[in-house]
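Accompanying notes for the structure given below.
The values are calculated or read from the model by the stated rules, or taken from the named source; none is laboratory data. Since we're looking at a predicted model, the values are computed, not measured. Methodologically, a virtual Cβ is constructed for each residue, glycine included, from the backbone with ideal geometry; neighbour enumeration extends over all protein chains shown. With ligands, DNA and RNA removed, areas are computed over all heavy atoms of the protein, side chains included. Shrake-Rupley method; radii C 1.70, N 1.55, O 1.52, S 1.80 Å.
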Amino acid sequence: MKSASSLITLLLLFQLNIAFAQLNKGEKAPEIIFENSFPINYKLPKGKPIILDFWATWCAPCVAALNESNVFVDRYKEKIEFLCITDSTSKNVEKFIYKQKLKHQFLINKNQTTLRNFKIKGLPTVFFIDAYGIIQWSGNGMAVNSKLIDEFLETGKITGSTDSNSLSFSSIKKGTGDFTFDLSEMKSGDENLAPGVMMGVKGDSISYAIQNIPLRGIIELLYKNQTKQIIYNLKNPELINKHFTLSAFAKKIDTKTIDYTLLKMISAKQNFNVSIKETEAEAWVFKKINESKFNSYKTKLDLSYGNSEDFNFHVGKNDNGKLILSGINLKLIDFQSTVSENYDTLIVFENIDKVGYDFDNICLSDFDVFKKQMLEIYGLHLVKEKVSLPFLLIEN
């Protein structure tokens, strides 16, 4: 790695799956080198355990992790030194610290010597270093919690395996923006809070307010309701049935990748891993045998006075007691997810475009009737075959 390489370049290389060596638990920690500090004239302590956090002002999850660990500083500062280090890609660090009211010790290493010596693969990455300078744990900054710190203080070690699953979030960076994230499990007495989901997108900003929803529901929501393409392999399967509240706001961020970013952050907090893997599966596949007929159902909604994301979607029973689906400007990914869920089978399109379509009185009670409607009305032939699809893996 050339010394002139920037932190952003390093992160982009990580995203391209170029392998970097990872410092292991039990190794001697490299020297922590820095040029500037806040407060100024800071000196590293000797013989005191350290929690070292690699971060950046533009890294939204880094900021969320720092805000969460902020409460630990007052509680543990006499026993542990909380250090945060960044490089020249972070702008206006001192102003940022005061605005966020962060209590850690902040270091700046402009030439990235420390970052390279610690072989950082992504942000936020945290190291637990004991009083003898030995690495006892490293992992995602969002995974730091009081239980982890207490074990470190009581035993000088962390019995769990080192979690090197640091995340690279440079792909969502569009500039230094606001970011908030909070995930909390519903407590006893909160049962009366009505479940609710509110989401809003405006330009490059997005907000979530999800209340009293099972974790499974939150995961499915963030994975665009592709419930048939989620595989759970958890040691504690009851986790996904626990109810949580999630609030998040992100500004100046690529809204197309924020959902997966939130999934990563949730997994770090709840100690499981998420990944996407191409998997072969048997599915009913829509074949467009009459392209012009299907294209004639592209939405007729007049979007000139509204937003292109406006749509109308309804599932309910008709006068004959049959379950039917109707939608205006309905995206194909939402259509296939709904019918897959109702027919308890995997139903997919060969190609998913971003166009909205109008569907009317689609049968969700009789699969043979559904297939006939798709063929005769929309020019879509359903064929059962094996296909390779992206599945979301939830595991630990």
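For region 26-39, filtering for residues that are part of a loop (DSSP other than H, G, I, E, B), open to solvent by 70 Å² or more (accessible area, probe 1.4 Å) and either acidic (D, E) or modelled with pLDDT of 90 or more (or both) leaves 2. Within region 112-151, being among the basic types (K, R) and touching a residue at least 24 places away in the same chain (Cβ under 8 Å) holds for R116, K119, K121. Residues that are of a type in the set (G, A, S) and at pLDDT 70 or above were ranked within region 183-202; the one that is farthest from the chain's Cα centre (by Cα) is S188. Residue under question is L380, and the condition is that it be buried (at least 18 other Cβ atoms within 10 Å of the Cβ) and at pLDDT 90 or above; does it hold? Against the criterion (buried (at least 18 other Cβ atoms within 10 Å of the Cβ) and at pLDDT 90 or above), L380 qualifies. Restricting region 197-256 to residues that are touching a Phe, Trp or Tyr at 6+ places or on another chain (Cβ under 7 Å) and assigned to a helix (DSSP H, G or I), the residue that is surrounded by the fewest Cβ atoms within 10 Å (Cβ to Cβ) is I240.
Within region 280-289, is even one residue modelled with pLDDT of 85 or more and not in a strand (DSSP E or B)? Yes, some residue in region 280-289 is modelled with pLDDT of 85 or more and not in a strand (DSSP E or B). Within region 356-376, track down each residue that is out of contact with any helix residue (DSSP H, G or I) (no Cβ under 8 Å at 6 or more places or on another chain) and not in a strand (DSSP E or B). Residues satisfying the conditions are S365, D366, D368, V369, K371, K372, Q373, M374, L375, E376. With respect to (1) modelled with pLDDT of 85 or more; (2) open to solvent by 70 Å² or more (accessible area, probe 1.4 Å); (3) among the polar types (S, T, N, Q), the lone exception for T180 is condition (1). Filtering region 130-141 to residues that are among the aliphatic types (A, V, I, L, M) and open to solvent by 10 Å² or more (accessible area, probe 1.4 Å) leaves A131, I134. When K99 is tested against (1) open to solvent by 50 Å² or more (accessible area, probe 1.4 Å); (2) within 30 Å of Y260 (Cβ to Cβ); (3) of a type in the set (D, E, K, R); (4) part of a loop (DSSP other than H, G, I, E, B), exactly one condition is not met: (4).
Within region 105-128, the set of residues being open to solvent by 10 Å² or more (accessible area, probe 1.4 Å) and within 18 Å of P45 (Cα to Cα) comprises Q105, I108. When restricted to residues that are crowded, with 22+ Cβ neighbours inside 10 Å, modelled with pLDDT of 95 or more and part of a loop (DSSP other than H, G, I, E, B), region 40-71 contains 0. Contact list please: Cβ distance under 6 Å, first residue in region 351-365 and surrounded by 12 or more Cβ atoms within 10 Å (Cβ to Cβ), second residue aromatic (F, W, Y), pairs at least six apart or on different chains. Matching pairs, first to second residue: Y357/Y297; D358/Y297; C363/F370.
Quickly run through region 333-362 and pick out the residues that are closer than 14 Å to Q229 by Cβ and of a type in the set (S, T, Y). Of everything in region 333-362, those that are closer than 14 Å to Q229 by Cβ and of a type in the set (S, T, Y) turn out to be S337, T338, S340, T345.
Counting only residues that are in contact with an Asp or Glu (Cβ under 7 Å, 6 or more places away or on another chain) and part of a loop (DSSP other than H, G, I, E, B), region 260-277 holds 1 of them.
Check K99 against each of (1) within 24 Å of K264 (Cα to Cα); (2) at pLDDT below 95 and name the one condition it does not meet. The failed condition is (1). Taken over region 76-87, residues that are without any contact (Cβ under 8 Å) to a residue 24 or more places away in the chain and assigned to a helix (DSSP H, G or I) amount to 0.
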